[in-house]
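The values are calculated or read from the model by the stated rules, or taken from the named source; none is laboratory data. Because the structure is a prediction, the values reported are computed rather than measured. Cβ placement follows ideal geometry from the backbone for every residue including glycine, while neighbour counts extend to all protein chains displayed. Ligands, DNA and RNA are excluded from the accessible area calculation, which covers all protein heavy atoms including side chains. Shrake-Rupley method; radii C 1.70, N 1.55, O 1.52, S 1.80 Å.
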Amino acid sequence: MTLAADMILLAFDEEGGRLPVRQSLAPAVRGALLAELLAGGGLVDEDGTARAAGDAPQDAALRHVWQRVTAEPGRKWLHWVRKDGRESIHEVLRGMAKDGLLEQSTSRVLGVFPLNRAELTPAGLAAAAEVRAAVVATAEADGPGAGGDRFALLAGLAHAGGRLGTALSSDRRRALKPRLTALSDGADPVSGAVRRAVQDLQGAAVS
């Protein structure tokens, strides 16, 4: 399972019945794809820009990002966090559906506007609980929070993307802010781009 799938599992509400607004989720999911490629050597950082390396990944969502970076080398990380967010989410959801973690359906609002829904299966609910528990354990642990560990990376990106609300209360997030900041710093340069993309979305929403 990809880090982006973990991010989506983390984003489901506690009962696993709803996925939050996809536009707000997109930076964290794109960030997870980019961070997994960077950690695995599929991407490298060159003075704040992304460059593809190695062979194309097997996973469809990772491969799509890798191919786009291959075609446009030298772009900053923020560009790639902002790029094709909805498409990436759909790719990740399709992969999760194939793995039996969720089921997707489409209905129409007022008989006209399509509304896509994603609901976790029992296997998906169990996986979401495991991801949430691992993120909490990572956030509560001692240590500097380097980004090499999978769940340290996930927690750092989720903190940057504002996606920890399902795992940690606002009081715990405030209490753990130094630790979460360290985890987020360990996920740089991707986490910084995710944070900026989320700030831009929030600014656009209130302008």
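Data table
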{"read-out": "Helix runs (DSSP H) in the chain reaching 18 Å along axis by Cα, Kyte-Doolittle at least 0.5", "value": "22-39, 122-140"}
{"read-out": "Extension gain (nm, one decimal) between T181 and D142, 0.36 nm per residue minus Cα-Cα", "value": "12.7 nm"}
{"read-out": "For L102, distant residues with modelled amide H under 5 Å away", "value": "A97, T121"}
{"read-out": "A53 versus Q67: modelled label distance in nm, points set 7 Å from Cα along the beta carbon direction", "value": "2.3"}
{"read-out": "Inter-label distance, nm, simple model (7 Å from Cα along the C-beta direction), E46/D200", "value": "2.2"}
{"read-out": "Surface accessible to a 1.4 Å probe, E87 within the full protein complex, Å²", "value": "80"}
{"read-out": "Assigned charges on the beta-carbon of Lys, Arg, Asp, Glu; the stretch 1-100 dipole about Cα centre (debye)", "value": "400"}
{"read-out": "Share of carbon and sulfur in the accessible heavy-atom surface of the chain [1.4 Å probe, %]", "value": "51"}
{"read-out": "Fluctuation leader among S88, S170, S191 - the chain, Gaussian network, Cα springs under 10 angstrom", "value": "S170"}
{"read-out": "Computed lengthening from R86 to N116, 0.36 nm per intervening residue step minus Cα-Cα distance", "value": "9.6 nm"}
{"read-out": "Cut-off under 5 Å, modelled amide H: who pairs with A53 long-range", "value": "L43, V44"}
{"read-out": "Å² per residue, accessible surface of the chain at 1.4 Å", "value": "49"}
